[in-house]
Amino acid sequence: MFPRARSRGLASGSGTGTGTGSGREIRASLVNRRDILQAAGVAGGLCVLPMFSLEAAPLKYRLEPVEIAAGAWMLVGVDEAITRENGGAIANITILDTSEGAVVVDTGPSKRYGMQLADIARALTGKPVVRAYITHFHPDHVFGSQAFGAKALAAPAGVVEGLKRSGDDFASAMYYLAGDWMRGTEVVLPERILETGYEDIGERRLRTLVLGGHTDSDLALFDERSGLLIAGDLAFLDRAPTTPHADLALWQASLATLSGISFSKLVPGHGPAESTPRALRQTADWLKSIEDVIRSAFDRGLDMSEAMGEPLPSWSENIALARYEFERSVMHFYPKLEADLWPRVDR
Amino acid sequence: MLNSRINLAGFAMVLAALLAVVGVARADEAADPLNSPMWEDMRSQFIGDDRFLFDNRVKVSVPNVVENQAQVPVTVDARELADVRKVIVFADLNPVQNTLTLFPNDAQAYISFRMKVEQATPVRAAVLTGDGVWHVGGRFLEAAGGGCSSPAMARNKPDWSETVGITRGRAWRQADGMSRLRMTIQHPMDTGLTRDNIPAFYIEGLRVRSTSGKVLATVELREPVSEDPTLTMLVRLPAGEKLIAVEGRDIGGNLFSSHIDTSWRESRLDVPKSAE
């Protein structure tokens, strides 16, 4: 029984063909254990079987590419916080076909995700991924990078700096939040440094816009061929924007810049792709609203916990995670308001 | 007549038995609602053999999500209890559990501050009322770890020692006559537990008083209080006085002193919803 189970496990592991050596071993041992447990389940009573199967099944993201333009697809992130259920797959990922190979924009939350993304891109385009753009340094966008390697990774200098500074801390936090989905995940620093300008890959010309505001360095890409504007986390739609490294004035200026581009469709970092500028307007409205609510709470002397309970504009009821992200934003902005606006009282 | 007397006696016995059952139920309720492995230790450390009960009138607010384990906002509100003498805030699973103690002499049983957490932990307040009973409330805080063992941000700045004690703050005269004091004092609040061998160095006490000398509240702080302690308190200034004085001392013997004007900007604040 045992030798047979092992050999079957190894065969199915190597059949995927994308894993590194250790990845294959992990997968093989998981399949292996499941086989053994299934055998045990059959012996011990069938009712045990489903439970054990669930526990031992290798984690796999359910990724379904949606075509958003000719030769362009999007993997839609769920409108949730990062959990052990969703494995951190909350951000939108874009795949572009070019005559030179596949291009991806952002790599997802984990090594496991990156591997699956590489497989999907190859299946859609028939070509390997030759370039992976990183829009900013947040963990739900960058931790699939191991699947592509440093040479294929391209990002503005500020994004690389951010990863150097905070990448390891992000990895720790992600392991805590997402658990086993993160297995084997490490920070990879992009080697190709981008500035505002153009990138030509095969027949596609991508305009690179190095902006900021969501973080200190945010990349947006405009594909001149399809008219797709890939905005990264400068734009959110029907999902509340996150602000841990935000500079609100800079962010609003970047949104104004993006509004000047006539796009066929906009891919936000989170939320659905649409041909309208709704994502840009909604993001600007949200940022203005939370800035006003937080400032008003601060001016009335509310502490952080009280400020977190303040009412939000009624339109935000249709925005996923509105209260959750508002609470986070209170924690992000309060200390700076206290340091900047309260007078010295010790002299 | 006799029958009814027996019935009465029987009724009393049943009643006594029922009361005994209720008494047992009460004792059962003393099981820790947060089911912490450290509860018994916390009880003996902070409450000892005194009477106590878990009481949802002691409200502890912590955020649903924490991304900075060195600055977790905590608000303790026990204003529904009368005659509060002492409020101890502690976190069961922190390396140093004792975090802060408020003595609200002429202040409300309310304090807000930020703390460091080393891992997910219950955060609780034990509130002593004048009848000698402790009222315990708390919430479980979900968090990744590292807040107590990471060096203070100030340690990255070579001139940190020149800014220790800089205090900023503001006060609001509320419609209910209380003064809402919010202030922040620059201090590294070193825990002594960091990887870089910096010894413990923290503000250990604050006294809030009126300019005429009346002590309104005292606060004892311990290692888990965050760098640059930021406090919110509700104190009652004597009629006619406008200045709140705050004096502090750290364990290195440094003294801090500040004065906050409650008429600054002549602002007023309505009673917050939670106090209604």
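The values are calculated or read from the model by the stated rules, or taken from the named source; none is laboratory data. Source: prediction; values computed, not measured. Here the Cβ is made from the backbone with ideal geometry for all residues, glycine too, and neighbour counts use every protein chain on show. These area figures cover heavy atoms from the full protein model, side chains too; ligands, DNA and RNA do not enter into them. Shrake-Rupley method; radii C 1.70, N 1.55, O 1.52, S 1.80 Å.
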Which members of the stretch A:324-347 meet the condition of being within 14 Å of A:T243 (Cβ to Cβ) and touching a residue at least 40 places away in the same chain (Cβ under 8 Å)?
-> A:Y324, A:E325, A:F326, A:R328, A:S329, A:H332, A:F333, A:Y334, A:L337
Just for the stretch A:291-319: of the residues that are among the polar types (S, T, N, Q) and more than 10 Å from chain B (Cβ to nearest Cβ), which one is least open to solvent (accessible area, probe 1.4 Å)?
-> A:S316
Out of the residues in the stretch A:239-273 that are more than 14 Å from A:A284 (Cα to Cα) and among the polar types (S, T, N, Q), state the one that is surrounded by the most Cβ atoms within 10 Å (Cβ to Cβ).
-> A:S264
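Specify the residue that is most open to solvent (accessible area, probe 1.4 Å); the eligible residues are those in the stretch A:152-176 that are in a helix (DSSP H, G or I) and either closer than 25 Å to A:Y198 by Cα or in contact with a Cys (Cβ under 6 Å, 6 or more places away or on another chain) (or both). Even if it seems obvious, please write down each step before you answer.
Step one: filter the stretch A:152-176 for residues in a helix (DSSP H, G or I), giving A:152, A:157-176.
Subset that is either closer than 25 Å to A:Y198 by Cα or in contact with a Cys (Cβ under 6 Å, 6 or more places away or on another chain) (or both): A:152, A:157-163.
Details: A:A152: 14, A:A157: 52, A:G158: 25, A:V159: 1, A:V160: 12, A:E161: 92, A:G162: 0, A:L163: 8 Å².
So, considering only residues that are in a helix (DSSP H, G or I) and either closer than 25 Å to A:Y198 by Cα or in contact with a Cys (Cβ under 6 Å, 6 or more places away or on another chain) (or both), the one most open to solvent (accessible area, probe 1.4 Å) is A:E161.
Report, by residue number, each residue of the stretch A:328-347 that is part of a helix (DSSP H, G or I) and open to solvent by less than 20 Å² (accessible area, probe 1.4 Å).
Let us first name the residues in the stretch A:328-347 that are part of a helix (DSSP H, G or I), namely A:328-341.
Listed by number, the residues that qualify are A:S329, A:V330, A:Y334, A:E338.
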Cβ-Cβ below 7 Å, separation at least six or inter-chain, first residue in the stretch B:183-199 and within 14 Å of chain A (Cβ to nearest Cβ), second in a loop (DSSP other than H, G, I, E, B) and open to solvent by 40 Å² or more (accessible area, probe 1.4 Å): which pairs?
-> B:T184/B:D228; B:I185/B:D228; B:Q186/B:D228; B:H187/B:D228
Pairs, first touching a residue at least 40 places away in the same chain (Cβ under 8 Å) and open to solvent by 10 Å² or more (accessible area, probe 1.4 Å) in the stretch B:232-243, second acidic (D, E) and outside any strand (DSSP E or B), C-beta under 7 Å, six or more apart = B:R236/B:D106
Inside the stretch B:132-151, can you point out the residues that are at pLDDT below 95 and away from chain A (no Cβ under 14 Å)?
-> B:C148
Residues of the stretch A:177-226 being exposed (fewer than 15 other Cβ atoms within 10 Å of the Cβ) and either under 16 Å from the mean Cα position of the chain (by Cα) or not assigned by TED's automatic domain parsing to the domain that holds A:A89 (or both), which ones?
-> A:E186
Sort through B:R173, B:R114 and tell me the only one that's in a strand (DSSP E or B), open to solvent by 30 Å² or more (accessible area, probe 1.4 Å) and out of contact with any Asp or Glu (no Cβ under 6 Å at 6 or more places or on another chain).
-> B:R173
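In the stretch A:226-244, which residue that is touching a helix residue (DSSP H, G or I) at 6+ places or on another chain (Cβ under 8 Å) and not aliphatic (A, V, I, L, M) is modelled with the lowest pLDDT?
Just the residues of the stretch A:226-244 that are touching a helix residue (DSSP H, G or I) at 6+ places or on another chain (Cβ under 8 Å), to begin with: A:229, A:231-238, A:240-244.
Retained after the next criterion (residues that are not aliphatic (A, V, I, L, M)): A:232-233, A:236, A:238, A:241-244.
Details: A:G232: 98, A:D233: 98, A:F236: 98, A:D238: 97, A:P241: 97, A:T242: 95, A:T243: 95, A:P244: 91.
Ranking the qualifying residues of the stretch A:226-244, first place goes to A:P244.
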Any idea how many residues of the stretch A:145-196 are under 22 Å from A:T208 (Cα atoms) and polar (S, T, N, Q)?
-> 2
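What residue, of B:N35, B:N64, is out of contact with any strand residue (DSSP E or B) (no Cβ under 7 Å at 6 or more places or on another chain) and within 14 Å of chain A (Cβ to nearest Cβ)? Steps first, please.
On the way: B:N35 fails: within 14 Å of chain A (Cβ to nearest Cβ).
When all the criteria are applied, what remains is B:N64.
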Selection from the stretch B:51-74 of residues buried (at least 22 other Cβ atoms within 10 Å of the Cβ) and under 28 Å from B:G130 (Cβ atoms) yields B:V58, B:V62, B:V74
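In the stretch B:68-87, which residue that is at the interface with another protein chain (Cβ under 9 Å from one of its Cβ atoms) and in a strand (DSSP E or B) is farthest from B:R114 (Cα to Cα)? Even if it seems obvious, please write down each step before you answer.
Applying the first criterion (at the interface with another protein chain (Cβ under 9 Å from one of its Cβ atoms)) to the stretch B:68-87 yields B:68, B:71-75, B:77.
With in a strand (DSSP E or B) added as a condition, the list becomes B:72-75, B:77.
Details: B:V72: 5, B:P73: 4, B:V74: 6, B:T75: 8, B:D77: 14 Å.
Residue satisfying both the conditions and the ranking: B:D77.
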Index of the failed condition, A:T276 passing every other in (1) of a type in the set (S, T, N, Q); (2) more than 30 Å from B:E227 (Cα to Cα); (3) part of a helix (DSSP H, G or I) | (3)
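Residue by residue, here is whether (1) open to solvent by 20 Å² or more (accessible area, probe 1.4 Å); (2) in a helix (DSSP H, G or I); (3) among the β-branched types (V, I, T) holds:
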| position | (1), (2), (3) |
| --- | --- |
| A:G77 | no, no, no |
| A:I90 | no, no, yes |
| A:L96 | no, no, no |
| A:L117 | no, yes, no |
| A:A121 | no, yes, no |
| A:R131 | yes, no, no |
